[in-house]
Amino acid sequence: MNLFKTLAVGAALAAGLAGTATAQDTTKVGFIYVGPIGDGGWTYEHNKARLAVEEHFGDAVETVYQESVPEGADAERAITQMALSGADLIFTTSFGFMDATVAVAEKFPDVKFEHATGYKTADNLAVYSARFYEGRAVQGTIAGHLTDSNIVGYIASYPIPEVIRGINSAYIHAKKVNPDVEFKIIWAYTWFDPAKEADAAKALIEQGADVILQHTDSTAPQAAAAEAGNVYTFGQASDMSEYAPMPRVSSIIDDWAPYYIERVQAVIDGTWETADTWDGIGPGMVGIGEISDAVPAEVKAEALALKDAIASGEYHPFTGPLNKQDGSAWLAEGETADDGTLLGMDFYVEGIEGEIPN
Amino acid sequence: MDLGQIDPILLLASLMVAATPILLAATGEMVVEKSGVLNLGVEGMMITGAVVGFAVAVNSGSPAAGFVAAALAGAGLALLFGLITQVLKSNQVATGLGLTLFGLGLSSLIGKPYEGIKAPSLGKLDIPLLADIPVLGPILFRHDPMVYISLLIVLGVWAGLKYTRAGLVLRAVGENHTAAHALGYKVIRVRLAAILFGGAMAGMGGAYLSLVRVPTWVEGMTAGAGWIALAIVVFASWRAGRVLLGAYLFGGVSVLQLNLQAAGAAIPVEYLSMSPYLVTILVLVVISLRGKHGAPGSLGRVFHATT
C-alpha cells in the first residue's frame, strides 16, 4: 500500500510539474459543451471551431473540452475544474452556463472567459453570440412558401430571448409571403434529447404541420420528418446536409471558427479585452446552408435576395410596422428594432398564438 | 385552444411507441433486481445497444439482426458487470455507475461513422382483420413487431416469476441469498443469468430508440431513459404489471403533453413538462400504498458463500 501511495504521489507531482512546464509556452483553451460533440448540431459546430483553432495555432495552443455538461450547479464545478487545470481562456457555450460562468470568472481573475449567447460581462468575461434571427428570416420566407397545410411546427427549447427572437423572425417572414400561415409551438425544455425531439416533431406532424422548424440541437426531428414523408425541415446550427434534399431544404449554420481564432490570438498577444460581440450573416458568423432542389427556383431566389439584403445591412428582419401579440404597437413604419429590445425579447409579435412560458 | 386537433387514435398509437424502450429496459432491470442485484448501468447498456443495433441494422439492412446484435451487446456489457460484481465481489452501485460511463464512451466511439445515416425501416405489422377494426385497429394492431414482442416479454416475465420453479428460485436468491445458498441453489449463477437477461433487454430498448423511435443514431441519444427505467422499477414495487403501467403512463403523458402544447392548451408549459414524471410517480405510489411490496431482501448486497 505504501509503495502504491508513493507512486501515486510521485505521478501526481510529475503531472503537476509537467502542467506548469507546458503552461509557459502553450496557451490552454477550454471549452464547455452542453451536449455531446456528435450531436450533429450546436455542440458539433462549436467543436468543429475548436478543431479549427487547434489547426490554426498548431503547438502554440492546447485545447481541452468537456461535453454534455448539465446547465446548473454541475456547470460551475466543470468550469472551475477547467480553470484549475490551467486554462487561459474558457468558452462556455450555452445560455444556461451564464451564472456559473460569472461565478467562476469572479474567482479566477487571471483567466479569461467567453460565454456564448449570454448578456452578463465582467473585466475577464466577454459574451458573444450570433444573430440567428437573420437566418430565421430566410427560413421563415421559405417555410411560408412551402407549406400547403399553412401550419408550421416549431420545436422550441427554453423560453429565453434568443429562442423567442427566432420564433418571431421566422413568423414575421412566413406571414409576409403567406398571410394564412399559423405557427404551432412546442417547448421541449431541453437542448438535446433526440427521443423527445422526435416525439415533438411527430406530434406536430400529426396535427397537420408540414414544415418543422427546430431550435433544439439534434438531427432527430429531421429523421422523424423523413419517416413521415412530405414534411420540410431546416438544419439547425449545423448544415445537417445528410438529410438533404428532403426533408432538409436549407439550414442555419453557426460558424464560430473565425471568432475563436481571433480571440485566442488576442490572448496570446495579451490584447484580450472583454467584449460584447453579436454578428450575423454579414460578417459570416451565421451561414445559410444550400437551399435544395425541393424548393421552387423562384422561392430560392427570393430567399437568397433576402439573405443578401440582410448581409449588406440594407434590410433588418425586425422592421416596422410591427405590433406585439397583445396588439399594442411595437415598431412604427420603417422603424427597426434596437439591440437592447432584441436581447431582452420576451414577447411574441402579433399573430402568434399561445403564451410564452415564464 | 383547440383540443379537437389532437387525434386520440394517433395519440394512443404513438404512446405505445414512446413507451417501448423504457418498458424493455425496466422489465430487464426488474428481473435483475428480483435476483438481488442492483445494476445502475442500464443507461450504458441501452446506449450501447442503440449504437450496435443501429450499426448492424445499417450494415446488414436487417433491423431484426440489429435487435439481436443489440441484445448481445447489452448482454456483453452486463456480463462485464456480472463478472466484476459477482465473481470479484465489487460494489454494485459503483460498478453500475462505471458501466454507464463506459457505455456512453464506448457508444460514441463505435457510433462516429454512423452519424447522420438513416436506419432501415422495421416496417409495420398490419395484423390482418384485427388492423381493420375501427379505432382499436390503428391503436393496437398496426405497430412494428417489437411493440408486441415487448408486451409478450412482460407477460412472460410476469408468468415466469410467479408460476415457474425457475422464477421461484430467482426470487428466493433475491430475497435471502444465504438461505437460497443453504438450500443448494447456485446464487452466483442465477444472478449472472438475470444480469445477462437485464443487459439484453436494455440493449433492445436502446435499439428500439435508434431503429424505430427516433430513428437515427445520435450520440448520447438515450438522454436519461435508462435512469427513468430504473426509477420505474422502484415505483412499480418490482412487479411486472406495474412496470408496464408505469412505462406506458410515462410514455403516454410525455406524448400527450407535447400534443397539448401543439394544440395550444391553456395549461402552463412548465406543468406539462413535468407531468410525465409527476403522474407516473403519483399513480404508482398510490397503488403501492395498499399492501406491502418492499424491495427484494438481498438487493444490492454482496454474496459471500459460507461453506
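For the reader, a short list of remarks on this structure follows.
- Whole-angstrom gap from region B:143-195 to region B:57-119, using each part's C-alpha centre: 22 Å
- Rounded to the nearest 20 debye, dipole of region A:289-358 from Cβ charges on Lys, Arg, Asp, Glu: 60 debye
- Mean Cβ neighbour count within 10 Å, used as a protection proxy, ranking B:203-210, A:156-163 highest first: B:203-210, A:156-163
- Within chain B, longest stretch free of exposed trypsin sites (Lys or Arg not before Pro) [DSSP loop, at most 13 other beta carbons within 10 Å]: B:125-289
- The relative contact order of region A:187-242, computed from alpha carbon pairs under 8 Å that lie at least 6 residues apart in sequence, is 35 percent.
- Net charge over other residues, Cβ less than 13 angstrom from the Cβ of B:L258 (K, R count +1; D, E count -1): -1
- Packing-based ranking, highest mean first, of A:130-141, A:41-52, B:145-156, A:107-118 given that Cβ atoms within 10 Å are counted: A:130-141, A:41-52, A:107-118, B:145-156
- Treating r as the C-beta distance of A:D276 and A:A309 and R0 as 25 Å, the FRET efficiency rounds to 0.50.
- Partners for A:K120 among lysines (Cα-Cα distance below 22 Å; same-chain residues under 8 apart left out): A:K107, A:K112
- Heavy-atom accessible surface that A and B bury in contact, both chains counted, 1.4 Å, Å² to 100: 2700 Å²
- With Cα atoms, 0 to 90° folded angle of helix A:257-269 axis to chain A main axis: 30 degrees
- Net charge, A:H316 excluded, C-beta distance under 11 Å - Lys, Arg +1, Asp, Glu -1: -4
- Taking every alpha-carbon pair in region A:77-159 and binning the separations at 10 Å intervals from zero gives 16, 37, 19, 16, 10, 2 percent.
- Calculated mean residue ellipticity, 222 nm, chain A: -13500 deg cm²/dmol, from DSSP H runs (n ≥ 4) at -39500 (n - 2.57) each, averaged per residue and rounded to 500.
- Each of B:G156, B:L209, B:Q92 was scored by the projection of its Cα onto the charge dipole of region B:81-216, and the greatest displacement toward the positive side belongs to B:Q92; charges sit on the C-beta of Lys, Arg, Asp and Glu.
- Measuring between alpha carbons in the structure, the pairs from A:K28/A:K48; B:K89/B:K162; A:K48/A:K300; A:K202/A:K307 lying more than 21 angstrom apart are B:K89/B:K162; A:K48/A:K300; A:K202/A:K307.
- Residue mean of other protein chain beta carbons inside 10 Å, B:270-279: 2
- Sorted on the mean count of surrounding Cβ atoms within 10 Å across their residues, most packed first, peptides A:218-229, B:258-269, B:226-237 read A:218-229, B:226-237, B:258-269.
- Cα long-axis angle, helix A:73-84 against chain A (0 to 90 degrees, to the nearest 10): 50 degrees
- Take region A:246-358 with all the other protein chains still there, run a 1.4 Å probe, and you get 48 Å² of accessible area per residue.
- Bridges between two residues of the protein assembly as shown, per DSSP, are antiparallel at a rate of about 20%.
- Per-residue shielding of B:251-261, expressed as the average number of other chain Cβ atoms within 10 Å of the residue Cβ, stands at 5.
- Entry note, region A:204-293: relative contact order of 24 percent, from Cα contacts under 8 Å with a spacing of 6+ residues.
- Here the protein assembly as shown exposes an accessible surface that is 61 percent carbon and sulfur, computed with a 1.4 Å probe and the other protein chains kept in place.
- For A:V61, residues with placed amide H under 5 Å, excluding near neighbours: A:T27
- Gyration tensor (alpha-carbon) shape descriptor, region B:2-53, a/c threshold 1.5: prolate
- Cα extents of region B:76-188 along the three principal axes, largest first (Å): 56, 44, 16
- Options A:G58, A:I37, B:H181, ranked by Cα towards positive dipole end of the protein assembly as shown, top entry (Cβ charges): B:H181
- For chain B, the per residue solvent-accessible surface stands at 41 Å², with DNA, RNA and ligands left out and a 1.4 Å probe.
- In region A:38-54, burial by the other protein chains removes 50 Å² or more of 1.4 Å probe accessible surface, compared with the chain on its own, from A:G38.
- What you get for region B:136-213, charging only the Cβ of Lys and Arg (+1) and of Asp and Glu (-1), is a dipole of about 160 debye around the Cα centre.
- At a probe radius of 1.4 angstrom, the accessible area of region A:77-235 per residue rounds to 26 square angstrom.
- Region A:194-250: C-alpha gyration tensor shape, a/c 1.5 cut-off, then a/b vs b/c: oblate
- Legend: helices of chain B (whole DSSP H runs) are marked when their alpha-carbon atoms reach 20 angstrom or more along the helix axis and their mean Kyte-Doolittle hydropathy is at least -1.0; marked are B:8-34, B:42-60, B:63-82, B:92-111, B:145-163, B:187-208, B:240-262, B:269-288.
- Region A:226-269 and region A:82-135 have Cα centres lying 22 Å from one another.
- Secondary structure note: in region A:70-160, about 10% of the DSSP beta bridges are antiparallel.
- With 20 Å bins beginning at zero, the pair-distance distribution over Cα atoms of chain A amounts to 29, 53, 15, 2 %.
- Estimated [θ] at 222 nm from DSSP helical runs (n ≥ 4, -39500 (n - 2.57)) normalised by residues in chain B, nearest 500: -22000 deg cm²/dmol
- Going from the isolated chain to the complete set of protein chains, region B:4-30 loses at least 40 Å² of heavy-atom accessible area (1.4 Å probe) at B:Q5, B:L10.
- Under 11 Å, Cβ to Cβ, from B:A305 - net charge with Lys/Arg +1 and Asp/Glu -1: +2
- As computed over the protein assembly as shown, the Cα convex hull volume per residue (Å³): 177 Å³
- Cα centroid separation, region A:47-80 to region A:295-340 (Å): 35 Å
- Across chain B, Cα pairs under 8 Å and at least six residues apart give a relative contact order of 37 percent.
- Neighbouring partner chain Cβ atoms per residue of B:206-217, average, 10 Å criterion: 5
- Within region A:146-299, percent of DSSP bridges classed antiparallel, to nearest 5: 20 percent
The values are calculated or read from the model by the stated rules, or taken from the named source; none is laboratory data. Keep in mind the model is a prediction, meaning the values are calculated, not measured. Using ideal geometry, Cβ is built from the backbone for each residue, glycine included, and neighbour counts are taken over all protein chains shown. Heads up: the accessible areas ignore ligands, DNA and RNA and are worked out on the full protein's heavy atoms, side chains in. Shrake-Rupley method; radii C 1.70, N 1.55, O 1.52, S 1.80 Å.
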